[in-house]
Amino acid sequence: MQVFKYDTRANVNYMVEVFAVASGKGGTGKTTSTLALGMALATEYDVTVIDTDTGMANMLFHTGLSDSETTLHEVLAGQAAVEDAIYERFGMDVIPCGTSLAGFREADPRRLREVVATVAEGTDVILLDSAATLGTRSAVLPIVLADRVVIVLQPTVPSISDGLKVQEYAKTYGTDVAGILFNRVTEDENIDTVARKAQRYFDGETLSKVPESETVRAARRASKPLLAHAAESEAAGAYREAAGKLTVRDADSTAVADRFRNAVIPDES
Ligand code: ADP
Ligand code: MG
C-alpha cells in the first residue's frame with residue numbers, strides 16, 4: 001500500500017499522460033502490448049498499467065497475479081480502495097482485473113473515472129488495456145477518457161478496418177491517435193506495403209511492427225510480460241522502438257484527474 005503516493009494534499013503538480021491501448025478485435029495483442037510498452041516506458045517514467053477489459057480480463061495471467069484477491073472488479077464494485085488493487089510488478093504499478101462473471105456484473109464502469117483520477121495524481125504514464133468491442137460502456141470508457149490511443153493492428157484488412165473504427169470513435173471524443181502498432185506480423189505478409197497503405201488512413205505514425213513469435217507466446221505461458229521473459233528478443237526490441245516514439249506529454253496531473261472525475265459518460269450504444 002502506498003497511500004501517501006496519492007495524497008492530493010501534498011499540493012504538488014506532476015505530469016501525467018493517459019494512453020488507451022485498443023483494437024477492434026480480441027487477440028490482437030493489446031495486453032501483450034500494454035505490458036511491453038509499459039515496461040519499456042518504465043525505464044524513464046513512473047508507469048501504471050490498468051486492465052480495463054473488465055469482461056475479458058487477462059492481464060493477471062500475463063503478470064503472475066492470477067491469485068490476487070483485490071482487483072479492479074472489487075474497486076469498481078465499491079468494495080475496495082484503489083490502493084489495495086495496485087501491485088508492484090516488473091518495475092510498474094499493475095492494476096489487474098478479475099475474471100469472474102459475478103465480478104463483471106457487480107462492477108460499475110462509471111467508477112473507472114475515479115480510479116484513473118486517483119492514480120493520475122501519483123504516476124507519470126497510465127496505460128489502459130482496453131476491451132475489444134466498442135459496443136458497451138465499459139469498453140468505450142478508456143478510449144473516451146484517454147489523452148491518446150495506441151491502436152494495435154494485425155496486418156489484415158478486417159483488423160485495419162476495425163482499427164479505423166477505433167480511431168473514428170476516439171476522435172469523436174477528442175482523443176488523439178498516438179500511433180498504430182502492427183502485431184503478429186509474419187514473413188509472408190508484405191508488411192511494409194501494408195503499413196504504408198494503412199498509414200494514409202491513420203492519424204498517428206506507425207510505432208513498430210512486432211513479429212509473430214513463439215517467444216511472445218512463451219512469455220504468456222511463463223506468466224511474465226515479454227520484456228521480463230525475453231528482453232533481448234526481436235519482438236521486445238520492436239516494442240522498445242514503439243515506446244521510444246511515444247514522447248510523453250506534459251499535462252498537469254490535477255487537471256487530468258479533474259477531467260476524469262467530471263467526465264460525462266456516453267450512453268450505452
Ligand atoms: P488481447 O489482449 O488483444 O486479447 P493478448 O495480448 O492477450 O491479446 O494476446 C492474445 C494471445 O496472442 C496471447 O496468447 C499472446 O501470447 C499471443 N500473442 C500476442 N502477440 C503475439 C505475437 N507477436 N506473437 C505470438 N503470439 C502473440
Ligand atoms: Mg487483453
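Structural remarks
- On the stretch given as region 107-130, residues that are in a helix (DSSP H, G or I) and either within 16 Å of ligand 2 (Cβ to nearest atom) or in contact with a helix residue (DSSP H, G or I) (Cβ under 7 Å, 6 or more places away or on another chain) (or both) total 11.
- Criterion violated by residue 203 - all others in (1) outside any helix (DSSP H, G or I); (2) surrounded by fewer than 19 Cβ atoms within 10 Å (Cβ to Cβ); (3) touching a Phe, Trp or Tyr at 6+ places or on another chain (Cβ under 9 Å) satisfied: (3)
- Residue match in region 39-46 (condition: more than 10 Å from ligand 1 (Cβ to nearest atom) and in contact with a Ser or Thr (Cβ under 7 Å, 6 or more places away or on another chain)): yes
- Test: residue in region 88-97 that is basic (Lys, Arg), touching a residue at least 12 places away in the same chain (Cβ under 8 Å) and out of contact with any His (no Cβ under 7 Å at 6 or more places or on another chain): yes
- Some residue of region 222-230 being over 13 Å from residue 35 (Cα atoms) and assigned to a helix (DSSP H, G or I): no
- Contact annotation: residue pairs with Cβ atoms under 6 Å, 6 or more positions apart or on different chains, pairing a residue in region 144-165 that is at negative phi and assigned to a loop (DSSP other than H, G, I, E, B) with a partner that is crowded, with 21+ Cβ neighbours inside 10 Å and charged (D, E, K, R), are 147/17; 154/184.
- Where residue 79 falls short, out of the listed (1) in a loop (DSSP other than H, G, I, E, B); (2) under 29 Å from residue 258 (Cβ atoms); (3) modelled with pLDDT of 95 or more; (4) touching a helix residue (DSSP H, G or I) at 6+ places or on another chain (Cβ under 6 Å): (4)
- Matching residues in region 124-153 - criterion: being polar (S, T, N, Q) and surrounded by 24 or more Cβ atoms within 10 Å (Cβ to Cβ): 130
The values are calculated or read from the model by the stated rules, or taken from the named source; none is laboratory data. Computed from a prediction, not measured in an experiment: that's the story for all the values here. Methodologically, a virtual Cβ is constructed for each residue, glycine included, from the backbone with ideal geometry; neighbour enumeration extends over all protein chains shown.
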